[in-house]
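The values are calculated or read from the model by the stated rules, or taken from the named source; none is laboratory data. Predicted, not measured: the structure shown is a model, and the values here were computed from it. Neighbour counts run over all protein chains shown; Cβ positions are idealised from the backbone, glycine included.
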Amino acid sequence: AAIVLVENRAQLANVAVHCEFRDEDCLINGDPLMLEHVFFDLFTNAIDAMPNGGEITVTASCKEPKSFGRKDRKLEVVVRDTGAGIAPEHFSRIFDPFFTTKEPGKGTGLGLSMVYLILERHGGTVRVDSRLGQGTTFTIELPVFSQKSEMVFKQI
């Protein structure tokens, strides 16, 4: 649903969006509006990082645990853009509240801090890889819902 929300903005910015969702049974237990907010922020930031156009690629698939004996599967969602990338000196602060590299009036610095907080509250994680001039990749992992799992959501 978040892709639909930014579709027009992406077209106006000459940004192509490619999605690959593998048809696996990979359900998560979470607040749909909060998770939509996560992806809306990531897509918006990616579009903003490509003022001359570019591409966003979104893939989603279930991942089996890598450590022996673990049975918890994860939904992995990768959001990759071909934008400007994140400068090394900013990398350690991108999830800090109110930190932004955007011009005054163009951003609040709350987007990525909210992404981090929402994912944490859902038992998920986010990793970032970025190269200046080559783009940024956000990798999100969320626990897959099973009959045995119970998730308690804390208030934000």
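Summary table
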| quantity | calculated |
| --- | --- |
| Selected residue [of a type outside the set (A, V, I, L, M, F, W, C) and touching a residue at least 12 places away in the same chain (Cβ under 8 Å)] from Asn45, Asn8 | Asn45 |
| Every residue from the stretch 79-137 that is in contact with a strand residue (DSSP E or B) (Cβ under 9 Å, 6 or more places away or on another chain) and in a loop (DSSP other than H, G, I, E, B) | Thr82, Gly83, Ala84, Gly85, Ile86, Ala87, Ile94, Phe95, His122, Gly123, Gly124 |
| Positions within the stretch 23-63 being in a loop (DSSP other than H, G, I, E, B) and over 15 Å from Glu141 (Cβ atoms), in sequence order | Asp23, Asp25, Asp31, Ala49, Met50, Pro51, Asn52, Gly53 |
| Single residue of the stretch 4-30 satisfying the filter (surrounded by 15 or more Cβ atoms within 10 Å (Cβ to Cβ) and β-branched (Val, Ile, Thr)) that is modelled with the lowest pLDDT | Ile28 |
| Selection count where residues are in contact with a Cys (Cβ under 6 Å, 6 or more places away or on another chain) and either closer than 21 Å to Pro51 by Cβ or at pLDDT below 90 (or both), scope the stretch 63-110 | 1 |
| In the stretch 34-49, the residues that are surrounded by fewer than 20 Cβ atoms within 10 Å (Cβ to Cβ) and either farther than 20 Å from Glu120 by Cα or over 14 Å from the mean Cα position of the chain (by Cα) (or both) | Thr44, Asp48 |
